[in-house]
Amino acid sequence: MKNFPIVKSRRLRSTPYTDRVEAQGVTGYTVYNHMLLPVSFKSIESDYEHLKKFVQVWDVAAERQVQISGKDSAELVQLMTCRDLSKSQVGKCYYAPLIDDQANLVNDPIINKLADDKWWLSIADSDVIFFAKGLAAGNKFDVEITEPNVNILAVQGPLSDNLMAKIFGEEIRQLKFFNFKYYEFKGNKYFIARSGWSKQSGFEIYVEENKAGQDLFDYLFEYGKEFNVKAGCPNLIERIESALLSYGNDFDNRDNPFEANFDKFVNLESNVNFLGKEKLKKIKQNGIKRKLMGVKIDHNKIDMYCEKTLYDDDNNVVGQVRSAAYSPTFKKVIGIAMINKPYWDAKHQFKIDINEKIFLGTVCDLPFI
Ligand code: THG
């Protein structure tokens, strides 16, 4: 596969950190919420090794916030997700699948509850703001819906606690997973959550003022020298091993939450009102016929610009690989695939065509690690 440079424009938005990640040697971008999102620095494999040992600073401003505030904001947020938010608390983050009236997935944001009447939906790559505005208009809700100028810096990796404590004080070590609080540094207040798109532990800093974010970016590198800090980004290998799902890659608006393994974020028993609830009850009753699982393939390379079909020995379709990468840990290609029901047993064998050669692989459970 040939790669081409991507042309920047106003429509393909830069972030307040773009100049800085370029000075740090970014080597590739993807487009996410119409914004630049770095995908590699030295190489995906060496970024992976570094992320698992040290600490990285990521420009994940492309994880945009949809801010929903006002009297009816809680009702609107609940209408969009099948996760029961009726007992949700201010200061906590909730990973929550958004679904439409057909119970198909729209997005999988982290929902941050800032106040009973103020929410940030930290979205994956789809235009949630228009979906929210449509629902608000149709239901005549008293809400305000905006995309505030919030630009996340993630600090990820096993040494992230040390670096963050050096900057924001020892108290930050007490912050619990999926909780957020405000912390101060050099006269600025920062909204910080213990979260992030890796399983190497870390924080996300939701920066509300560009200059404060750019200064913090520089301080993270200055204070981080002793922890071997480097610029990084969500890492394809690490996130597949950890089964952190990617909207648009692993699942999209043709899949429902059960097919995407979101069972623990589906609450059909409570009396909250959300779009697609009756449809989802029917889907649960009938049972699903395919779901996301892991795959391991006996090869050392794969390009994923479209999904790849898997076959059994009789050329029946086993499923489709949706994301994949070579894992230096497993010494195989590993991937996330939509697998048809007859093939759900872990260890089921399949064939796959990679660059016109046939390779063998097996189905496995998620996560890999
Ligand atoms: N951080 C923030 N916003 C985001 C992402 C993020 N928006 C886009 C995208 N990532 C949304 N998708 C995910 C997917 C997984 C997780 C978070 C966001 C995640 N999952 C944990 C897991 O699966 O183990 C925990 C889920 C739980 O148990 O609550 O962290 O990364 N700000």
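Values quoted throughout were computed directly from the atomic coordinates according to the rules given, and no laboratory measurement underlies them. These numbers come from a predicted model, not from an experiment. Here the Cβ positions follow ideal geometry from the backbone for every residue, glycine too, while neighbour counts run over all protein chains shown.
Taking amide hydrogens as placed 1.01 Å from N in the peptide plane, the amide H of residue 354 sits under 5 Å from those of 359, each at least 5 positions away in sequence or on another chain. Computed over the chain with a Gaussian network model linking Cα atoms closer than 10 Å, the most mobile of 341, 282, 211 is 282.
Exceeding 31 Å between C-alpha atoms, which entries from my cross-link table qualify? They are 52/281; 133/279; 113/225; 113/296. Check vs 31 Å cut-off fails for 52/281; 113/225; 113/296.
Taking the helices alone, the chain has a mean residue ellipticity at 222 nm of -5500 deg cm²/dmol, built from -39,500 (n - 2.57) per DSSP H run of at least 4 residues and averaged over all its residues. The amide H of residue 180, built 1.01 Å from its N in the peptide plane, has 92, 93 as neighbours under 5 Å, considering only residues 5 or more places off or on other chains. For segment 360-369, backbone phi angles converted through the Karplus equation (6.51, -1.76, 1.60; θ = phi - 60°) give residue-by-residue couplings of 9, x, 10, 7, 8, 7, 9, x, 6, 10 Hz, Gly and Pro being listed as x. Take the cross-link list 199/264; 118/189; 8/92 and give me the ones stretching past 29 Å between alpha-carbons. 8/92, as the Cα separations exceed 29 Å there. Of the chymotrypsin sites (Phe, Trp or Tyr not before Pro) found in segment 273-312, the ones in coil according to DSSP and having at most 12 other Cβ atoms within 10 Å of their Cβ are 305. A Gaussian network model of the chain, with springs between Cα atoms under 10 Å, assigns the largest mean-square fluctuation among 196, 91, 224 to 91.
Phi angles of segment 22-31 translate, via the Karplus equation with coefficients 6.51, -1.76, 1.60 and θ = phi - 60°, into HN-Hα couplings of 6, 5, 7, x, 4, 10, x, 10, 10, 10 Hz per residue; Gly and Pro are given as x. Couplings 3J(HN,Hα) for segment 3-14, derived from phi with the Karplus relation 6.51 cos²θ - 1.76 cosθ + 1.60 (θ = phi - 60°), are 9, 10, x, 10, 8, 6, 7, 5, 5, 8, 5, 7 Hz, where x marks Gly and Pro. Applying both filters, DSSP loop and at most 12 other Cβ atoms within 10 Å, to the GluC sites (Glu not before Pro) of segment 276-369 gives 356.
Each Lys or Arg adds one and each Asp or Glu subtracts one; over the other residues with Cβ under 10 Å from the Cβ of residue 265, this totals -1. The modelled label-to-label distance between residue 117 and residue 86, using points 7 Å beyond Cα along the C-beta direction, is 2.2 nm. Inter-part distance, segment 43-108 to segment 318-333, computed on C-alpha centroids, equals 25 Å. In segment 1-86, Cα pairs under 8 Å separated by at least six residues give a relative contact order of 22 percent. Bridging of residue 351 to aspartates and glutamates at a Cα separation below 19 Å is possible for 298, 303, 307, 312, 313, 314, 365, once same-chain residues fewer than 8 apart are set aside.
Placing a pseudo-label 7 Å from each Cα along the Cα-to-Cβ vector at residue 362 and residue 11 gives an inter-label distance of 4.8 nm. How high is the FRET efficiency from residue 346 to residue 253, r the C-beta distance, R0 25 Å, rounded to 0.05? The value I calculate is 0.30. For residue 185, the residues 5 or more places off, or on other chains, whose built amide H falls under 5 Å of its own are 190.
Among 287, 248, 28, whose mean-square fluctuation peaks in a Gaussian network model of the chain (Cα, cutoff 10 Å)? Among 287, 248, 28, the largest mean-square fluctuation in the Gaussian network model of the chain belongs to 287. Charged neighbours of residue 56, selected by a Cβ distance under 12 Å, balance to 0 (K, R count +1; D, E count -1). With a ≥ b ≥ c taken as the square roots of the eigenvalues of the C-alpha gyration tensor of segment 82-149, please select rounded if a/c is under 1.5 and otherwise prolate if a/b is larger than b/c or oblate if it is not? Here segment 82-149 falls in the rounded category.
Based on C-alpha pairs under 8 angstrom that are at least 6 apart in sequence, the chain has a relative contact order of 17 percent. Net charge in the neighbourhood of residue 141 (other residues with Cβ under 9 Å of its Cβ; Lys, Arg +1, Asp, Glu -1) is -1.
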